[in-house]
Amino acid sequence: MNRISQVRSPILIFLFLLFIFELFVRLPYVLSTQANPNLNRKAYISFFSDFNSETVIFAGAMLLLCAFVVILITSFLFKGGKYNSINLSIPRIPIFISIIALILSGVSLYMISQLTADVVYLDDLDLSGKRSFSDSISLYMILRLSMFNHIIIALAYVRAVQTRGIFAWLCFIIPALIFVLTMTFISHRALLFVFVLEIIYFQILLRKLNFRRIMTIAVAMVILLLIITVLRTNKEYSNLLEAAGGGILKVLESRFFLDFTKLGVGYLWSTEVNWVGPVSISFLFEPFFNNDVLFYKDLGKILSREAYNIHFETGVTPGGYLEALLSFGVIGGAFFFGGLIYLFLFFERRLFENKATFVVKVYSVMVLAKIVLFLNSSFGAFCFQLLSETLLFILIIWPIIGINYRMPSRRPQIRA
């Protein structure tokens with residue numbers, strides 16, 4: 001008989017943690033930087049660019065508050081993110097999944113070796129720059145496989161929990177470490193959040209999630225981010241404490257997710273220029289209008305060049321919320337953003353409450369975890385990544401998991 005229990009929405013918890021970070025962590029640091037701009041001029045420019053600091057803070061805070069209200073209203077439509085989860089049996093994950101995770105990890109290491117072929121000394125290795133894959137189709141295909149490995153490693157984790165064998169745990173831990181190394185090297189750190197969110201979803205489905213596990217995952221993620229941030233900086237530190245402090249400041253000055261200073265700068269910049277167009281959905285029209293439509297990848301470069309007066313190769317990623325505001329205005333952007341959050345929560349509720357097959361559940365976990373890409377990059381980046389990984393899911397995971405789910409039980413049948 002299926003048991004019914006209540007679970008909290010990982011998406012809403014993640015969003016509210018982002019708001020807490022902005023309000024209680026980033027805001028005090030921004031205010032201290034505003035009060036003493038000469039102590040950290042680089043951080044001051046990173047936060048405010050050439051705009052008035054008070055105006056940036058006020059505009060960014062109001063836009064962040066608007067996003068909070070939108071998400072709060074959306075959460076009420078889903079009873080605060082509480083779902084009645086049906087405990088369905090999860091089939092045994094086949095060993096082929098663990099083997100594929102190891103193979104794709106080897107492919108990732110091969111990609112890194114090709115990209116570092118000219119590096120003679122370890123000190124010459126640069127972890128702070130973006131990698132270009134446009135010159136090699138084979139390396140680009142390897143990149144997509146390496147990025148897709150997150151969901152396969154997450155399934156390898158499910159197998160490790162199910163079997164509790166040493167080999168199964170090694171097939172999870174080794175690929176997970178290589179995945180972290182690879183995503184750090186190619187500067188796709190958002191996929192690390194996607195991977196962690198997938199692990200949390202599978203923990204819920206396995207009925208293994210509790211407060212202690214959540215805190216363990218949170219602490220491990222914070223430590224991992226600090227290590228990655230320190231490694232990606234070219235600055236040398238005399239001791240671990242100084243390195244940790246430098247890593248924390250780097251995280252505070254980053255423009256990830258719902259950074260309210262980025263919202264303020266982006267909004268003030270938009271008031272000085274012509275309408276950039278519906279960038280959030282421009283990828284739908286780009287094949288037909290080509291250069292007449294601003295593509296989502298171009299917006300980051302324009303923001304970097306015109307709003308921040310810096311020239312990054314990939315620019316400043318706006319994030320799905322700021323992208324929506326620039327595309328449809330404050331009111332229209334808030335509705336567009338809220339509508340997408342509603343869709344994420346709708347499919348999340350169906351994941352926990354519906355009696356879907358395990359293949360559908362795995363695919364749903366992969367889709368839902370990609371909300372990180374939407375929040376951090378853009379809606380177009382989310383859709384492109386989802387499309388490419390859907391094809392890989394059909395080719396790699398669906399045949400293995402789908403067949404395994406339909407396998408008849410080996411338990412002897414007892415006749416009445």
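Just so it is clear, none of the values below were taken in a lab; they were calculated from the coordinates. Every value quoted in this text rests on a predicted model; they were computed, and no experiment measured them. As a convention, Cβ positions derive from the backbone with ideal geometry for all residues, glycine included, and neighbour counts pool all protein chains shown.
Going by how many other beta carbons lie within 10 Å of each one, how would you line up HIS311, HIS150, fewest first?
So the residues, fewest neighbours to most, are HIS311, HIS150.
Kirkwood Rh, the range 134-187, all Cα pairs: how many Å?
One over the average 1/r among Cα pairs gives 12.0 Å for the range 134-187.
State which entries of LYS79/LYS370; LYS208/LYS262; LYS79/LYS250 exceed 28 angstrom in Cα-Cα distance in the structure shown.
LYS208/LYS262; LYS79/LYS250
How do ARG349, ARG41 line up, fewest other C-beta atoms within 10 Å first? All intermediate terms of the calculation are to be shown ahead of the outcome.
Working: ARG349 18, ARG41 10.
Neighbour counts put them in this order, fewest first: ARG41, ARG349.
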